[in-house]
Amino acid sequence: MPEPVGLRTAYAGSLNESNIGEVVKVCGWVNRIREHGEHLVFVDIRDYTGVVQCVIPRTENLHPEWVVQITGTVARRPEGTENDQLASGQIELHDPTVRILAQAEPIPFSLDDRVELDEATRLRYRYVDLRRSRMQRNLRLRSLVNAAIRRSMEEQGFVEIETPLLWTPTPEGAREFLVPSRTQPQNFYVLPQSPQIAKQLLMVAGFDRYYQIARCLRDEDLRADRQFEFTQLDLEASFVTQDDIHEFISHAIHTVVAAVSPGTTINIGKLTWREAMSRYGSDKPDRRFGAELNDVTGIFSNTSVKALSAKSVQAMVSPIALSRARLDELVERAKTLGAKGLLWLRVETTDGGLVLNSPVSKFLTDTEQHQLIDAVRANVGDTILMVADDWERAVAVLGQIRLGLGKQLASDDILDFFWVVDFPLFEGLDEFGTPISAHHPFTMPNEEDFALLDSDPLSVRSQSYDLVLNGWELGSGSIRIHESSIQSKVFQVLGIDEETARSRFGFLLDAFKYGAPPHGGFAFGIDRLSALLAGEENIRELIAFPKTQSGSDLMTGAPKQVAIEALAQLGLRPTAHAKD
RNA sequence: GGACCCGUGGUGCAGCUCGGAGUGCACGCCGGCCUGUCAAGCCGGAGGUCGCGGGUUCAAAUCCCGUCGGGUCCGCCA
């Protein structure tokens, strides 16, 4: 804690037996008042470091949350009245002089962390909510994360460079926030969804190792782990391989973890995308619990069960016991996720060994049943869940089911970081049969797969990679294309003709003509990383002034209508669409 | 665009199935008592358009429809 200056000579939480006898000035908020009559009143003064108890021998006119300066003598508490729960619990302030710095109305809710509050109320009075120790802890932890990241980047020779918030529209990817130009009516800037292109230009400029703790803005629907604006560690480096990028990030992650949870050891593993999908049905699997998927397609290649006649059959053992009602819910959930259904089979025992009890079991041969039990290593009492579809859908749906069932088993004490590598370059076809970029169109294909760009583009792997922590995608990156011949080829596969490419990314393509080094980079979300390190399930708990799911700021009332004149100045006018 | 959950004094909840006077619990607030508490204790008091609108009914917090706000998720997030 910093050296006390100004109106204070000590912080409340810093005082202990070593200060006995000193006259100190503490400043803060009245946390709690315990009145025992005219001659004995306890007042707890709170600052961000903690609380200290003051003994006030006469009734001062004080109320909770008033802001005060207390001048008093640090004294040992009478024997038997110490409070071991408090850092300052062995001492108290005597003979205080109370100076009221600000009065306060009763606050709208308790600051006690034990009370779960409605989030809308918290957000409306966010400045009060932020006084709670949970929020103080979270935002201060986030500050430590930022500091550790900067330290790591500087140690590794990265240079911090700011890039514009007023950027140019790039029609691919996330929806962008538009900013109308006053000086050039009818024209727009956008707020960047990431500094992607800017940082590549910095590589052309020879900065070699760039980083930025960058705000990114995306006008997409909000979730527990998504806000309109979020913060990333954004970095890019030249003359490096994928492994080098992983090392840079690994250094940063280790520095952060050492800063916020000293003593915790972490190991950043690696999975291929195909392995992640086939074992967990997700490209950001939560590996803190088992229940892996099993490919049982072969067992049912000659099945008479129509629901199992599919390109792929995936099976898993439920990690928890399931009631019949719960199974019915799961079947519905599988359907909403796009599967035709979900088969469940209970493993039971008879004289002859293990049997399956299920609506479909009588249509399964003994061989199929036993092979299935063996394949998923099921025991008596287990429930086997199966989805049959094409491979992508089967693993994805069962992966979602797996996550829903296993999440409650995942321990908060584990930090399971790992890389997912070898993503496909394209993630499918659009309605015209043209491949869609999985990452962005500047992602370098895996050199071994160049030949497949024409013949089988969907199986081309890319040099892109994600970093995953406890089932959350922390971030992603790639080695970029820096040769125009490869870039042209990828644009061609993506169906982006030369004219379109020029109009969208002309300045980048131009820049690359003037000597572009091989380069690649990464970005990870600091909101998400901090949330997971804080044990929070929601990034709003790590953001001082977040928006609601519908994009409102309940404290300020934003977004708001503006005067017609303000619109006119921007060359805009309201349409019938606008609300009153 | 869609699914589900929530909305009751300042706060957190119960009441809602099975309609019968806004009834209850805890915290906070105001007043009184109280010389060792620390979520102090005891006594008393104030405080409510049951989110809003409509419908059913003799009667609606409760049942029905709509709507608004908050949350979780699907779509979306190169």
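Quick rundown of the values:
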| item | result |
| --- | --- |
| Matching residues in region A:206-226 - criterion: being surrounded by fewer than 13 Cβ atoms within 10 Å (Cβ to Cβ) and either small (Gly, Ala, Ser) or at pLDDT below 95 (or both) | A:Gly206 |
| Residue satisfying condition, being over 30 Å from A:Glu116 (Cβ atoms) and either in the same structural domain as A:Arg140 (by TED's automatic domain parsing) or surrounded by 19 or more Cβ atoms within 10 Å (Cβ to Cβ) (or both), within set A:Gly506, A:Gly521, A:Gly535 | A:Gly521 |
| Failed criterion for A:Thr265 (all others in (1) at pLDDT 95 or above; (2) of a type in the set (Val, Ile, Thr); (3) not in a strand (DSSP E or B) hold) | (1) |
| Selected residue (criterion: farthest from RNA strand B (Cβ to nearest atom)) from residues of region A:45-58 that are within 40 Å of the chain's Cα centre (by Cα) and under 15 Å from A:Val24 (Cα atoms) | A:Asp47 |
| Residue tally, condition in the same structural domain as A:Glu65 (by TED's automatic domain parsing), in contact with an Asp or Glu (Cβ under 9 Å, 6 or more places away or on another chain) and over 15 Å from A:Asn31 (Cα atoms), over region A:96-131 | 1 |
| Filter result for the condition that a residue is touching a Ser or Thr at 6+ places or on another chain (Cβ under 7 Å), within 13 Å of RNA strand B (Cβ to nearest atom), modelled with pLDDT of 90 or more and of a type outside the set (Lys, Arg), over A:Phe423, A:Phe442 | A:Phe423 |
| Inter-residue pairs, beta-carbon under 9 Å, first charged (D, E, K, R) and in region A:177-200, second away from RNA strand B (no atom under 16 Å from the Cβ), 6+ apart | A:Arg182/A:Gln569; A:Arg182/A:Leu570; A:Arg182/A:Gly571; A:Lys199/A:Ile161; A:Lys199/A:Phe207; A:Lys199/A:Tyr211 |
| Any pair with Cβ under 8 angstrom, 6 or more apart, that starts in region A:108-130 at a residue that is in contact (Cβ under 8 Å) with a residue 12 or more places away in the chain and ends at one that is near RNA strand B (Cβ under 6 Å from one of its atoms) and charged (D, E, K, R) | none |
| Given (1) surrounded by 15 or more Cβ atoms within 10 Å (Cβ to Cβ); (2) near RNA strand B (Cβ under 10 Å from one of its atoms); (3) under 25 Å from A:Leu533 (Cβ atoms); (4) of a type outside the set (D, E, K, R), number of the condition A:Leu130 does not satisfy | (2) |
| Candidates A:Leu343, A:Leu327, A:Leu403 - the one that is closer than 30 Å to A:Pro262 by Cα and in the same structural domain as A:Val305 (by TED's automatic domain parsing) | A:Leu403 |
| Matching residues, region A:422-435, being surrounded by 14 or more Cβ atoms within 10 Å (Cβ to Cβ) and hydrophobic (A, V, I, L, M, F, W, C) | A:Phe423, A:Leu425, A:Phe426 |
| Filtered residues of region A:46-83 (kept if among the β-branched types (Val, Ile, Thr) and without any contact (Cβ under 8 Å) to a residue 12 or more places away in the chain) | A:Thr81 |
| Residue that is nearest to the chain's Cα centre (by Cα), among those in region A:90-120 that are surrounded by 14 or more Cβ atoms within 10 Å (Cβ to Cβ) and either closer than 24 Å to A:Glu537 by Cβ or near RNA strand B (Cβ under 6 Å from one of its atoms) (or both) | A:Glu119 |
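The values are calculated or read from the model by the stated rules, or taken from the named source; none is laboratory data. Worth saying up front: this structure is predicted, and the values here are computed from it rather than measured. No Cβ is skipped: glycine too gets one built from the backbone with ideal geometry, and neighbour counts run over all protein chains shown.
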